[in-house]
1. Among the residues of the range 7-43, which ones are of a type in the set (A, V, I, L, M) and within 30 Å of L108 (Cα to Cα)?
2. Identify all residues within the range 147-163 that are modelled with pLDDT of 95 or more and either more than 47 Å from the chain's Cα centre (by Cα) or assigned to a loop (DSSP other than H, G, I, E, B) (or both); write none if there are none.
3. Taking the range 67-88, which residues are over 17 Å from T57 (Cβ atoms) and modelled with pLDDT of 95 or more?
4. Taking the range 131-146 as the search range and keeping residues that are part of a loop (DSSP other than H, G, I, E, B) and polar (S, T, N, Q), which one is farthest from the chain's Cα centre (by Cα)?
5. Which of the residues that make up the range 7-27 are of a type outside the set (G, A, S) and either at pLDDT below 95 or under 40 Å from the mean Cα position of the chain (by Cα) (or both)?
6. Which ranges mark the strands (runs of 3 or more DSSP E) fully within the range 1-86 that have 2 or more residues being surrounded by 11 or more Cβ atoms within 10 Å (Cβ to Cβ), touching a His at 6+ places or on another chain (Cβ under 9 Å) and not polar (S, T, N, Q)?
7. Assuming A128 fulfils every condition listed in (1) part of a strand (DSSP E or B); (2) exposed (fewer than 14 other Cβ atoms within 10 Å of the Cβ); (3) in contact with an Asp or Glu (Cβ under 9 Å, 6 or more places away or on another chain) apart from one, which condition is it?
Amino acid sequence: GDVLYKLNDGEYGTALPVATNAGTYTVYYKVEGTTNYDGIAEASFTVTIDPKSLTLTWDADSFEYNGSVQAPVVTDIVGIISGDTCTVTGYTAGQTNVGTGYTVTASLSNSNYTSEDLTHTFAITKAANSYTTTPSAKTSLVYAKTDLALVNAGTAKFGDVLYKLNDGEYGTALP
């Protein structure tokens, strides 16, 4: 008799089962009996098609602190089979503050692919700070029997500019 096959919950037939997509499949087989011989009971085994591994290229391993959320992104995917599509569909959240050992993970649009490069480690380094406007002394001040501002205010790329008058305490108020 003919060996009959079926894939997962499909119908029995004489064709050998085939599958295209990555996944785990159960193949069932049996021989049906006739008036001349006994059948052979249904049995099964599983077959796994693994996703194809891709190589991802990330744009950065390190960023300088800028006060905003930052994370690397995938700039290239190598290994996609011709005629197939696979794109990055999202990333886990980035980071804002200075630190090392941060990770970001990409998601792929096609479950037939995977990559050992889906998670990428990165760092955010301390930024060099600078004045965007340097504080300066007011000039041509003349006694007016009132408080006179002594400083033209400054601003910094990051943080507040702090001032102090003589031996006083630092603060944001202009002396």
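1. So the first thing to find is which residues in the range 7-43 are of a type in the set (A, V, I, L, M), and the list is 7, 15-16, 18-19, 22, 27, 31, 40-41, 43.
Across the range 7-43, the qualifying residues are L7, V18, A19, A22, V27.
2. Step one: of the range 147-163, the residues modelled with pLDDT of 95 or more are 150-156, 160-163.
If the condition is that a residue be modelled with pLDDT of 95 or more and either more than 47 Å from the chain's Cα centre (by Cα) or assigned to a loop (DSSP other than H, G, I, E, B) (or both), then L150, A153, G154, D160, V161, L162 are the ones that fit.
3. Taking the range 67-88 and keeping what is over 17 Å from T57 (Cβ atoms), we get 67-70, 81-85.
Matches in the range 67-88: S68, V69, Q70, I81, S82, G83, D84, T85.
4. Per the stated criteria, the residue is T146.
5. Narrowing the range 7-27 to residues of a type outside the set (G, A, S): 7-9, 11-12, 14, 16-18, 20-21, 24-27.
Answer for the range 7-27, where residues must be of a type outside the set (G, A, S) and either at pLDDT below 95 or under 40 Å from the mean Cα position of the chain (by Cα) (or both): L7, N8, D9, P17, V18, T20, N21, T24, Y25, T26, V27.
6. Working: elements: 3-7, 23-31, 40-49, 52-58, 62-64, 74-78.
Correct list: 52-58.
7. Going through the list (1) part of a strand (DSSP E or B); (2) exposed (fewer than 14 other Cβ atoms within 10 Å of the Cβ); (3) in contact with an Asp or Glu (Cβ under 9 Å, 6 or more places away or on another chain), A128 breaks only (1).
The values are calculated or read from the model by the stated rules, or taken from the named source; none is laboratory data. Bear in mind that the values here come from a model prediction, so they are computed numbers and not experimental data. Note: ideal-geometry Cβ built from the backbone for every residue, glycine included; neighbour counts use all protein chains shown.
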